[in-house]
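Scroll down for the structure; my scribbles are underneath it.
The values are calculated or read from the model by the stated rules, or taken from the named source; none is laboratory data. Source: prediction; values computed, not measured. Cβ: placed from backbone, ideal geometry, glycine included. Neighbour counts: every protein chain shown.
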Amino acid sequence: MANTLRSSSDGRSKLPLLLSVKQVTYELGLGRTIVYELIATGKLRSVKIGRRRCVPCEAIEEFIAGLVLEGRPT
């Protein structure tokens, strides 16, 4: 995984603009089936380029932010 989770000069992690499903499973610590289920249900945005399914790195941040919001008491 040469392109995943690089650090920038300010210490923040920097992901590539688009991640493969395999890279998403690595970054989120989830299985491939779960990632495809999240995509199918619309919980994780993705784009299709040719035959390849890719996830924008912003979509991962949105997904995580949604999890944090779900966990807050109302």
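Structure data summary
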| read-out | value |
| --- | --- |
| Subset of segment 55-74 (residues that are surrounded by 10 or more Cβ atoms within 10 Å (Cβ to Cβ) and either of a type in the set (Asp, Glu) or within 9 Å of the chain's Cα centre (by Cα) (or both)) | VAL55, PRO56, CYS57, GLU58, ALA59, ILE60, GLU61, GLU62, PHE63, ILE64 |
| Residue selected from segment 8-34 under the condition in contact with a Cys (Cβ under 8 Å, 6 or more places away or on another chain) and modelled with pLDDT under 95, by the criterion surrounded by the fewest Cβ atoms within 10 Å (Cβ to Cβ) | LEU17 |
| Any pair with Cβ under 9 angstrom, 6 or more apart, that starts in segment 35-51 at a residue that is on the phi < 0 side of the Ramachandran plot and surrounded by 13 or more Cβ atoms within 10 Å (Cβ to Cβ) and ends at one that is of a type in the set (S, T, N, Q) and in a helix (DSSP H, G or I) | VAL35/THR25 |
| Selection from segment 25-55 of residues that are farther than 16 Å from LEU67 by Cα and in contact with a Lys or Arg (Cβ under 9 Å, 6 or more places away or on another chain) | THR25, ARG32, TYR36, SER46, VAL47, CYS54, VAL55 |
